């Protein structure tokens, strides 16, 4: 059968790609705004209108509205009547809640039984994490964070889907906390001991795997606690609000709304579950 979309067909016969459907636009908007929140492009405590968000990121108003409703259910955005939307503030209480929830949920990972293919994938990612090591440069930290999140996503893909969704949201909140404090000048978060976790799971040593997972949670707690104590901003210490942001223009931000930083790889979703926007 002749394919009009073949790169070898005459240009005038190739079909124009179909535009994104509303559900695809909403999914894209959700992913873009999620990344903006996790990487603190939208700073904790910021109040901003739906129109300003749509303009800033080059999104449709309807897709932005759907995405905000979704992010509200996930606990990242708060609706403020007659003002707009507020990004979840940073506070010690939030850190404590995330730590407590992770301590309850993540032990489920220690009892996973992995096949040879999954185990090999974990060791491959662990090698990548170790290769980056403790480098402090921002680009290196971003790369390592991406590998660590992909490693965790590979683990969560073996869980009950309900538990997996809950654990992944906790990791999202943890990532946002780490990114925020590192941007404020905190000492970088230590690397995940991925090789030790992968080896314990491969060998069926559930107690050791649980100990390594607990260690990672304790590292996060210690990192966030130290950062809170050393951070002098009102936002970090009390969760205070920031002024409302007006609708931006391209000139104000210095970049096109459509070309903001692409952080999707840092969450590792595409490698383990095939999600895409």
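The values are calculated or read from the model by the stated rules, or taken from the named source; none is laboratory data. Here the structure is a predicted model, which means the values were calculated and not measured. Neighbour counts run over all protein chains shown; Cβ positions are idealised from the backbone, glycine included.
Residues are listed down the side, and each one gets a yes or a no for (1) in contact (Cβ under 8 Å) with a residue 12 or more places away in the chain; (2) under 16 Å from residue 216 (Cβ atoms); (3) outside the structural domain of residue 167 (by TED's automatic domain parsing):
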residue	(1), (2), (3)
49	yes, no, yes
71	yes, no, yes
106	yes, yes, no
115	no, no, no
123	yes, no, no
129	yes, yes, no
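Here residue 70 clears all of (1) within 30 Å of residue 206 (Cβ to Cβ); (2) assigned to a helix (DSSP H, G or I) except the condition numbered (1). A residue that is within 13 Å of the chain's Cα centre (by Cα) and under 17 Å from residue 110 (Cβ atoms) can be found somewhere in the stretch 144-152.
Quickly run through the stretch 129-157 and pick out the residues that are surrounded by fewer than 19 Cβ atoms within 10 Å (Cβ to Cβ) and at pLDDT below 95. Within the stretch 129-157, 130, 131, 133, 134, 135, 136, 137, 138, 139, 140, 142, 143 meet the criteria. Of the set (1) in a helix (DSSP H, G or I); (2) surrounded by fewer than 21 Cβ atoms within 10 Å (Cβ to Cβ), all apply to residue 125 but (2). The set of residues in the stretch 75-102 that are in contact with a helix residue (DSSP H, G or I) (Cβ under 6 Å, 6 or more places away or on another chain) and not in a strand (DSSP E or B) comprises 76, 90, 92, 95, 98, 99, 101, 102. Checking each residue in the stretch 52-64 for being surrounded by fewer than 17 Cβ atoms within 10 Å (Cβ to Cβ) and assigned to a helix (DSSP H, G or I) picks out 61, 62. For the residues 180, 166, 212, the requirement of being touching a residue at least 40 places away in the same chain (Cβ under 8 Å), surrounded by 20 or more Cβ atoms within 10 Å (Cβ to Cβ), assigned to a helix (DSSP H, G or I) and not assigned by TED's automatic domain parsing to the domain that holds residue 74 singles out 180. Here 257, 190, 261, 243 are screened, and the one residue that is modelled with pLDDT under 95 and surrounded by 17 or more Cβ atoms within 10 Å (Cβ to Cβ) is 257.
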